[in-house]
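In what follows, a structure is listed as structure tokens, so that the remarks can point back to it.
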Amino acid sequence: MKNLKDLPLDASWQYYLKDEFEKEYMQKLQIFLQQESEQGKVIYPEENQYFNALNLTPFKQVKVVILGQDPYHGEGQAHGLSFSVLPHTRKPPSLVNIYKELSDDLSVDIPGNGCLTHWAEQGVLLLNSVLTVEKNKAAAHQSQGWEQFTNKIIQQLNAHSEGLVFILWGGYAQKKAAFIDAEKHCVLKSVHPSPLSSYRGFFSSRPFSKTNHYLEETGKSPIQW
């Protein structure tokens, strides 16, 4: 297994995050991941996709942040973008609900697959709070250090960007609001799109039209969702 600091990472993000890789929490995370790998445990996503969200959406191109919890833990699902799956993979229930709300909100057709790369390439940072997971074991890598790393990402975006939209679905994502200046950025909150909670306020929350309205108001081009 490679050292985390040697994995592919866009130069703009390296600039804002370079000091993190030398910190004690990242060293401990490295040891944890190494031990998991040596024990034969399967880790998702693939190693070279841990920082896929950052690589597809360089720092200065970020307009929107959609925060997830941890990667999908089923085979062939996770590829480093929150809520997104590879093109030929069945759409997970939360993403089905996201697409339903998208269709209702903007009167667009529901996409045929669950790959959200085209969002990322337009400036939507699809960031999970935890960047790895063990196969078939949800939340297995929580509290190992990733949260501190992604907190730093949010803090740097908050400090060095203007007029971003942070979409926080569910209580876990909303904890990150503590690092966001709501006077400087737009923060949209609702319950999680999971089937367990979506009917309690996710549907009809209109996050996509609200995001585009804010972007246009602040002189930025809207997202082609």
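Looking at segment 136-225, what helices (runs of 4 or more DSSP H) fall wholly within it and have at least 3 residues that are of a type in the set (A, V, I, L, M, F, W, C)? Quick ask: steps written out before the conclusion?
Working: elements: 146-160, 170-174, 207-217.
By residue number, 146-160.
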Can you pull out every residue in segment 119-129 that is open to solvent by 10 Å² or more (accessible area, probe 1.4 Å) and either within 17 Å of GLU46 (Cα to Cα) or in contact with a strand residue (DSSP E or B) (Cβ under 9 Å, 6 or more places away or on another chain) (or both)? GLN122, ASN128
Residues within segment 174-197 that are surrounded by 16 or more Cβ atoms within 10 Å (Cβ to Cβ), closer than 16 Å to LYS63 by Cβ and of a type outside the set (Val, Ile, Thr), tallied: 3
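How many residues, within segment 49-67, are more than 16 Å from the chain's Cα centre (by Cα) and not charged (D, E, K, R)?
Taking segment 49-67 first, the residues more than 16 Å from the chain's Cα centre (by Cα) are 60.
Next cut, not charged (D, E, K, R) only: none.
Going through segment 49-67 one residue at a time, the tally reaches 0.
Results for (1) within 20 Å of ALA139 (Cα to Cα); (2) open to solvent by 30 Å² or more (accessible area, probe 1.4 Å), shown as yes or no for each residue.
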position	(1), (2)
LYS5	no, yes
GLN14	no, yes
LEU17	no, no
GLU46	yes, yes
PRO58	no, no
VAL64	no, no
ASP70	yes, yes
GLN77	yes, yes
SER84	yes, no
Residues in segment 77-89: is at least one touching a strand residue (DSSP E or B) at 6+ places or on another chain (Cβ under 9 Å), farther than 23 Å from LEU188 by Cα and of a type in the set (S, T, N, Q)? yes
Qualifying residue in segment 19-31 (condition: within 19 Å of the chain's Cα centre (by Cα), open to solvent by less than 80 Å² (accessible area, probe 1.4 Å) and free of Cβ contacts under 8 Å to residues at least 40 places away in the same chain): no
Which count do you get for residues in segment 18-66 that are hydrophobic (A, V, I, L, M, F, W, C), farther than 30 Å from GLU217 by Cα, touching a helix residue (DSSP H, G or I) at 6+ places or on another chain (Cβ under 8 Å) and in a helix (DSSP H, G or I)? 4
If LYS137 meets every condition in (1) open to solvent by 10 Å² or more (accessible area, probe 1.4 Å); (2) in contact with a His (Cβ under 8 Å, 6 or more places away or on another chain); (3) closer than 15 Å to PHE83 by Cα apart from one, which number is that one? (3)
Provide a single number: the residues in segment 135-165 that are in contact with a helix residue (DSSP H, G or I) (Cβ under 7 Å, 6 or more places away or on another chain) and over 21 Å from LYS60 (Cβ atoms). 4
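Kindly indicate the residue of segment 198-225 that is of a type in the set (Lys, Arg) and open to solvent by 60 Å² or more (accessible area, probe 1.4 Å) and also modelled with the lowest pLDDT among those meeting that condition.
Looking at the filtered set, the residue picked out is ARG200.
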Is it true that THR132 is under 18 Å from GLU47 (Cβ atoms) and in contact with a Ser or Thr (Cβ under 8 Å, 6 or more places away or on another chain)? no
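The values are calculated or read from the model by the stated rules, or taken from the named source; none is laboratory data. A quick note: this is a predicted structure, and the numbers were derived from the prediction, not measured. Glycine gets a Cβ as well: all are built from the backbone with ideal geometry, and neighbour counts include every protein chain shown. The area values use the complete protein model at the heavy-atom level, side chains included, leaving out ligands, DNA and RNA. Shrake-Rupley method; radii C 1.70, N 1.55, O 1.52, S 1.80 Å.
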